[in-house]
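Single-structure report; data block below.
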Amino acid sequence: RWPSLLKYYSHTDGVSWLEEYKARHNAGLEAQRIVASFSKRFFSEHVPCDGFSDIETLGCPSHFFEDELMCILNMEGRKGLTWKYYAKKILYFLRQQNILKNLKEYLQRPTERQSFLEGAVLIDQYCNPLSDICLKSVQAQVDDIADKVRKVLRTKNPRHPSLASKAGEVCVPEVELQRQVLDAMNCVLYEQLKYKGNELDYYNSLNSYIHQVLIRRTGIPISLSVLYLTIARQLGVKLEPVNFPSHFLLRWCQGKEGSTDIFDYTYIDAFGKGKQLTVKECEYLIGHHVTEEFYGVVTSKEVLQRMVGNLLNLGKRESTDQSYQLLRDSLDLYLAMYPDNVQHLMLQARLYFHLGIWPEKVLDILQHIQALDPSQHGAVGYLVQHTLEHIERRKEEVGPEVKQRSDEKHKEVCFSIGLIMKHKRYGYNCVIYGWDPACMMGHEWIRNMNVHSLPHGPHQPFYNVLVEDGSCRYAAQENLEYNSEPREIPHPDIGRYFSEFTGLHYLANTELEIRYPEDLELTRATVQKIYSSGKE
């Protein structure tokens, strides 16, 4: 019944299977209870930072609880969308908390026990907590590449010391023998396996995730360098990471080990097919002179800092993701490494403030900033004032606003919740999850969106819609039409509002139906009228 749990048991364990069954069954009931409660508690806002408090104090094994969440997510068909939506959020939170704990443990180890590959996997896991990424499988793929390199090496030099020892135990002292390893690596990685730097889609976040680098065989300088360095070290060549500006590099010692002379090293560009560079060629690569400090070796923590910094910059660029998930995840990672960095703490506070989520956490962050750097009191004071106002407004909110179709002021509203629509002007497909009898946006939005140019201007019904590209929009009634070929809308928030897709329309979940109690019957009648004959 629960095959994914087999990995938690050993064949030699003496297990009371009845007790295990009871524990798993009870964990399932607890998970279902919590998931069911989330829609009612958090429909009108993002799940707050303390919203997971009852999950953190679970009275059951966490792997049983997670397994039930996975069962919910893997339910077949188009039903249970709201349960899936909140199960996903809870699983996301649980796994990230666990990965963050592993990252902090990793950072506390001695430097020589901090594997660059493991650090890259931890970052990958944190940003993709629902993907099946583990160090063991990533390491197995790297080992497979190393074995391919050994085969090439064997044809060139059957007596090479890299062939005689197991991974991790080999040391190749002679520069010429090391060169043979690097040549074989370049042959396998860039000629046989066709790895390459992703010049065409450089700013894609997938380039930073090590498991995606292995799948897609492309990446950016730092991710390819981590892969290259890991393979080289397994084969006895101690390459070192270099935090070169604009283009991450590796260095290979040609002189005395540990030399501080930058000219005793050859520099390797893993992004550029393993090309070996001199100091002068490194400067040509980025187009300007740099001081000697930039040729120095960096620690695993500094490598992770740069990887997370890249993701932070990508998160700031992502305008389509309205939840700023990548920015939030990369800020979490950065602050796990540098918890007292005022610049990033302020960015996190501003981000949560902008998104209107977690006001209590915003106040905690601001208090921490003030203690670290009193000179920030101006910016801190402004955010504290507006955050307190947000909290007060939330306290004053009285239940959900209910919109009755039968109300006279709603008589012009033609469309209803759950209908699949098409935008006449822009052609996008969407689903309605809310409506107003007239445009409720401010004057500035109305002016910026040129609403007055519409024949009916702002004095017509406007609809909140979830769009297939992942965005949420506010569309005028005259710009929408029934979609002649309704299909599912792949939007991350679909389960927040809807419980099921019938094949022709969406069914509002309990919380949305409370707010629009008369829409469901109208939606069903509309769908029957439009699609019953098979044509519009």
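Within straight-line reach of residue 424, meaning a Cα separation under 18 Å, sit the following aspartates and glutamates at least 8 residues removed in sequence or on another chain: 468, 469, 478, 481, 485, 536.
For segment 421-437 versus segment 440-473, the spacing of their alpha-carbon centroids is 10 Å.
Other residues with beta-carbon under 9 Å from the beta-carbon of residue 68 carry, at +1 per Lys or Arg and -1 per Asp or Glu, a net charge of -2.
Taking a Cβ cut-off of under 12 Å around residue 389, the surrounding Lys, Arg, Asp and Glu residues balance to a net charge of +1, with basic ones at +1 and acidic ones at -1. Gain on full extension, evaluated as 0.36 nm per residue between residue 141 and residue 355 minus their Cα-Cα distance, stands at 73.1 nm.
According to the square roots a ≥ b ≥ c of the eigenvalues of the Cα gyration tensor, what is the shape class of the chain, taking rounded for a/c under 1.5, prolate for a/b larger than b/c otherwise, and oblate for the remainder?
On the way: a/c = 1.99, a/b = 1.77, b/c = 1.13.
The shape class here is prolate.
When all alpha carbon pairs of segment 5-108 are counted in 5 Å bins from zero, the resulting P(r) reads 2, 11, 20, 20, 18, 14, 9, 4, 1, 0 %.
Here the label points at residue 306 and residue 406, each 7 Å from Cα along the C-beta direction, are separated by 6.8 nm in the simple model.
Seen against the Cα atoms of the chain and their longest principal axis, helix 221-234 is set at about 40 degrees. Here the Kirkwood formula puts the hydrodynamic radius of segment 408-532 at 14.8 Å, using every distinct Cα pair. By the rule of a C-alpha distance below 17 Å, with chain neighbours fewer than 8 residues away ignored, the lysines paired with residue 422 are 535. Applying a threshold of 31 Å to the alpha-carbon distances of 22/79; 88/411; 411/529; 40/301; 101/256; 7/151 flags 88/411; 40/301; 101/256; 7/151 as lying beyond it.
Taking a Cβ cut-off of under 12 Å around residue 219, the surrounding Lys, Arg, Asp and Glu residues balance to a net charge of 0, with basic ones at +1 and acidic ones at -1.
Any read-out appearing in this document is the output of simple, stated calculations on the displayed coordinates, not a laboratory observation. Fair warning: this is a prediction, and the values are worked out from it, not measured in the lab. Every residue, glycine among them, receives a Cβ derived from its backbone with ideal geometry; neighbour counts consider all protein chains shown.
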